Amino acid sequence: MKLTVTQENLAKALSGVSRVASSRASLPVLANVLLKTSGNRLTVAATNLDIAITEHIGAKIHSQGAITVPARLMQDFVSSLPSGSIDLVVEDSKLTLKTDRFTSTINGMSADEFPAMPTLDNEQTLELQMTELNDTLSQV
């Protein structure tokens, strides 16, 4: 896997999904976030088997692939980087992040070990959005 994303978009996506990843989980892979390319987007996902969160961000994909990396470590590192583009390269089970001034390698795990993410059909999505809208309106 090889791609380029902006620091701002990746940091925002990691911040959103990392809350679900648990470092105290019975399965070590549940402390990780899944980074997976699909089309011209990067999918960032996490689950604790009760809740799953997936975010999609635009990316310049050079080659397809997937990996899981520790959520907390990835979030902390990406948020500490300056604004700009980040190149992500996966070789074996290692994710290398490169910017103009920084390079770091994070040991990851195979994406095959990550639990399957549930999918919602359009009816479920609409129902969920209506529930969220009703909750928001009741708070106003």
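The values are calculated or read from the model by the stated rules, or taken from the named source; none is laboratory data. None of the values given here were measured: they were computed from a predicted structure. We place every Cβ from the backbone using ideal geometry, glycine too, and count neighbours over all the protein chains shown.
Scan (1) of a type in the set (Val, Ile, Thr); (2) within 9 Å of the chain's Cα centre (by Cα); (3) at pLDDT below 95 for the single condition Val20 breaks and write down its number.
(2)
Is there any pair with a first residue in the stretch 102-117 that is farther than 11 Å from Ala66 by Cβ and a second that is part of a loop (DSSP other than H, G, I, E, B) whose Cβ atoms are under 7 Å apart and which are 6 or more apart or on different chains, and what are they?
Filtered contacts from the stretch 102-117: Phe102/Leu81; Asn107/Ser93; Pro115/Leu49.
Within the stretch 27-95, which strands (runs of 3 or more DSSP E) (wholly inside it) include 1 or more residues that are hydroxyl-bearing (Ser, Thr, Tyr) and crowded, with 17+ Cβ neighbours inside 10 Å?
Ranges flagged: 32-38, 41-47, 52-58, 66-70.
The rows are residues; the columns are (1) touching a Leu at 6+ places or on another chain (Cβ under 9 Å); (2) at pLDDT below 95; (3) closer than 20 Å to Val5 by Cα.
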{"site": "Thr68", "(1), (2), (3)": "yes, no, yes"}
{"site": "Ile86", "(1), (2), (3)": "yes, no, yes"}
{"site": "Asp100", "(1), (2), (3)": "no, yes, yes"}
{"site": "Ala111", "(1), (2), (3)": "yes, yes, yes"}
{"site": "Pro115", "(1), (2), (3)": "yes, yes, no"}
{"site": "Pro118", "(1), (2), (3)": "no, yes, no"}
{"site": "Glu123", "(1), (2), (3)": "no, yes, no"}
{"site": "Glu132", "(1), (2), (3)": "no, yes, no"}
{"site": "Thr136", "(1), (2), (3)": "no, yes, no"}
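Which residue pairs have Cβ atoms under 8 Å apart, sit 6 or more places apart or on different chains, and have a first residue in the stretch 38-51 that is over 18 Å from Lys2 (Cα atoms) and among the β-branched types (Val, Ile, Thr) and a second that is modelled with pLDDT of 90 or more and surrounded by fewer than 16 Cβ atoms within 10 Å (Cβ to Cβ)?
No pair meets every condition.
Using the structure shown, decide if Ser93 is hydroxyl-bearing (Ser, Thr, Tyr) and modelled with pLDDT under 95.
So Ser93 passes the test.
Just to verify a result, which residue in the stretch 96-112, among those that are part of a loop (DSSP other than H, G, I, E, B) and over 14 Å from the mean Cα position of the chain (by Cα), is nearest to Pro28 (Cα to Cα)?
Ser110
Taking the conditions exactly as written (of a type outside the set (Asp, Glu), touching a residue at least 12 places away in the same chain (Cβ under 8 Å), surrounded by fewer than 17 Cβ atoms within 10 Å (Cβ to Cβ) and in a loop (DSSP other than H, G, I, E, B)), does Ser23 satisfy them or not?
In short, yes.
Taking interchain pairs and intrachain pairs at least six residues apart, which have beta carbon atoms under 7 angstrom, with the first residue in the stretch 69-94 and within 17 Å of Ser15 (Cβ to Cβ) and the second among the acidic types (Asp, Glu) and surrounded by fewer than 17 Cβ atoms within 10 Å (Cβ to Cβ)?
Correct list of pairs: Ser83/Glu8.
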